[in-house]
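Peer 1: Structure provided below as structure tokens; questions to follow.
The values are calculated or read from the model by the stated rules, or taken from the named source; none is laboratory data. None of the values given here were measured: they were computed from a predicted structure. Note that each Cβ is placed from the backbone with ideal geometry, even for glycine, and that neighbours are counted across all protein chains shown. To get the accessible areas, we keep the full protein, side chains included, count just its heavy atoms, and leave off ligands, DNA and RNA. Shrake-Rupley method; radii C 1.70, N 1.55, O 1.52, S 1.80 Å.
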Amino acid sequence: MLSSEAHVDAALMSNRLFEALAGGAVVVCDQNPFARRHFGDTLLYVDINEPADEIAERILSHIRWVEDHPDAALDLARRAQAIFQQRFRLDRSLREIYQGFSARRA
């Protein structure tokens, strides 16, 4: 998941991250502060400030790691998905929004 400048500036992530996590995928992500803060070492990172050829090589390196270490990659994806399930599932978010509605309205 590569963030737009607006996402990085706001420390937010695109919904693509959550869709990938919900699906149980291993995620390659940029250094967005949101991703680091909430998912730590459960994502594979690239530095988008590097030259494009180095970014591409890092992404390919991550893909090779996944192919060469399927059990570890599956564990990584499961740990990231567990964080998603605990903190960011839509039904949980909607429940929290609805439960706090009266207090915010007052």
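Peer 1: In whole Hz and in residue order, list the ³J(HN,Hα) couplings for the range 68-83 that follow from phi through the Karplus curve 6.51 cos²θ - 1.76 cosθ + 1.60, θ = phi - 60°; x for Gly and Pro.
Peer 2: 7, 10, x, 5, 5, 5, 5, 4, 4, 4, 5, 5, 5, 5, 5, 4
Peer 1: What full-extension length gain, to one decimal in nm, is calculated for Asp91 and Asn49 as 0.36 nm per residue of separation minus the Cα-Cα distance?
Peer 2: The span from Asp91 to Asn49 would gain 11.6 nm if fully extended.
Peer 1: Turning to a different aspect of this structure: So what is the accessible area of the range 1-90 per residue, in Å², with the probe set to 1.4 Å? Could you put the intermediate results ahead of the total?
Peer 2: Working: 5360 Å² over 90 residues.
Normalised by residue count, the accessible surface of the range 1-90 is 60 Å².
Peer 1: Ranked highest first by average number of other Cβ atoms within 10 Å, how do 61-72, 94-105 line up?
Peer 2: So the order, starting with the most tightly packed, is 61-72, 94-105.
Peer 1: Can you pull the percent of the chain's accessible area that's carbon plus sulfur, 1.4 Å probe, other chains left in place?
Peer 2: Working: 3770 of 7040 Å².
Solvent-exposed carbon and sulfur of the chain make up 54 percent of the total.
Peer 1: Would you please give the residues with an amide H less than 5 Å from that of Val46, counting only those at least 5 places away or on a separate chain, with H modeled from the backbone geometry?
Peer 2: Residues meeting the amide H criterion: Cys29, Asp30, Gln31.
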